[in-house]
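Student: Sharing a structure here in structure tokens format.
Just so it is clear, none of the values below were taken in a lab; they were calculated from the coordinates. Computed from a predicted model, the values in this text were never measured in an experiment. Counting neighbours? That spans all protein chains shown, and the Cβs are built from the backbone with ideal geometry, glycine included.
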Amino acid sequence: MCDTCSRVYHLDCLDPPLKTIPKGMWICPRCQDQMLKKEEAIPWPGTLAIVHSYIAYKAAKEEEKQKLLKWSSDLKQEREQLEQKVKQLSSSISKCMEMKNTILARQKEMHSSLEKSCTANCNQGEETK
């Protein structure tokens, strides 16, 4: 059977006749004549090599694409986790600021209360003298 067309030949019918089926690629006499007639014909083995090279190139590109898609997915997941962590940290900072402001307000209240007490005590001490 010809490797470039669908013709089938008996080994004995070929000129010269063949004793065994050729190993590798075999081109029938009719396809050989057509290839020889074409001036710009690309030899079949060269074309086959180009096709195999293209297939390997496409496979490598597809593999690279899959790796990039996985990397993109991983980065999106990491981004979501980081955004969640930012929300948690922002919430914690807000709570800490609220507590700080509450403590400062209490401290001011205590300080003014102490000043009032000291002033009242000092005034009582002067009155008793």
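Student: Under the rule of -39500 (n - 2.57) per DSSP H run of 4 or more residues, summed and divided by the residues of the chain, what mean residue ellipticity at 222 nm is obtained, to the nearest 500 deg cm²/dmol? Intermediate results must be reported in sequence, preceding the final value.
Tutor: Values: 2 runs with 94 residues, N = 129.
About -27000 deg cm²/dmol.
Student: Same structure again: Go ahead and set up a Gaussian network model of the chain, Cα springs under 10 Å, then flag whichever of LYS58, LYS116, LYS76 fluctuates most.
Tutor: LYS116
Student: Using the per-residue mean of other Cβ atoms lying within 10 Å as a proxy for protection, in what order, highest first, do the peptides 21-33, 3-15 fall?
Tutor: On the way: 21-33: 12.0, 3-15: 10.3.
Ranked by mean Cβ neighbours within 10 Å, highest first: 21-33, 3-15.
Student: Could you grab the Rg to Rh ratio for the range 1-41? Cα atoms only, Kirkwood for Rh. Kindly include the intermediate steps, with their values, before the conclusion.
Tutor: Numbers: Rg = 11.0 Å, Rh = 11.0 Å.
Answer for the range 1-41: 0.99.
Student: Which of these values of semi-axes √(5λ) of the Cα gyration tensor in Å was calculated from the structure shown: [x] 35, 16, 13; [y] 101, 12, 8; [z] 21, 17, 14?
Tutor: Read-out taken from this structure: [y].
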